[in-house]
Amino acid sequence: MRISPISIATVLAAGLLAQPPVEAQNPITVELLTPLAEFTDDVSILIRNKFPDRRTDALNVRDGSNIATVRVTFQPGAVFPWHTHPGPVLIAVAEGDFVYAMSEDCIHRWYPEGTAVVDAGFGMEHMAYNPSLTEETVVYATFLGVPDGGPLTILTEGPELDDCPLPNP
């Protein structure tokens, strides 16, 4: 079982990148580090996630058998537009700063290098961006519960930028 390379290429070609505030030839690059891997055992995953400013989310992945890991590099000011995932994603910030905002509350949550965040997935619309105008941001993302042959990321409309604006640098 493998993620088709075309699924990532298709997402990129379909406009994965919003207009970043800073011009860059490739504002965001996604490198597949591990192809879709399947647990040989029956695996279900329960994650409880409590952001300081919201209720606790219980993420129950009934079929957590497929995982994949990517390295995402954000050039300065690059924005990953509104999207969701088929399951939760564990994100480790390796370099720079990473900002994550959910459409539900439009709170821009800041994660510096050396921190991690659970991206709820499951239809929870969100966006992410590099707030720096001079430094790259690099994150490692492990996707849990990826359906066979399914995409890792699903682009969505999300709220209008006026309703959930990016902060001024």
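The values are calculated or read from the model by the stated rules, or taken from the named source; none is laboratory data. These figures come from a predicted structure and were not determined experimentally. All Cβ positions, even for glycine, are placed from backbone atoms using ideal geometry, and neighbour counts span all protein chains on display.
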Hey, residue 77 part of a loop (DSSP other than H, G, I, E, B), at pLDDT 80 or above and within 17 Å of the chain's Cα centre (by Cα) or not: yes
Top-ranked residue of segment 133-169 - restricted to ones that are assigned to a loop (DSSP other than H, G, I, E, B) and hydrophobic (A, V, I, L, M, F, W, C), ranked as surrounded by the fewest Cβ atoms within 10 Å (Cβ to Cβ): 133
Hey, residue 115 surrounded by fewer than 22 Cβ atoms within 10 Å (Cβ to Cβ) and in contact with an Asp or Glu (Cβ under 6 Å, 6 or more places away or on another chain) or not: no
Given (1) touching an Asp or Glu at 6+ places or on another chain (Cβ under 7 Å); (2) over 25 Å from residue 35 (Cα atoms); (3) of a type in the set (D, E, K, R), number of the condition residue 71 does not satisfy: (2)
Residues located in segment 133-148, provided they are out of contact with any Lys or Arg (no Cβ under 9 Å at 6 or more places or on another chain) and either farther than 23 Å from residue 96 by Cβ or modelled with pLDDT under 90 (or both): 144, 146, 147, 148
Filtered residues of segment 91-109 (kept if in a strand (DSSP E or B) and either charged (D, E, K, R) or modelled with pLDDT under 95 (or both)): 95, 97, 100, 101, 102, 108, 109
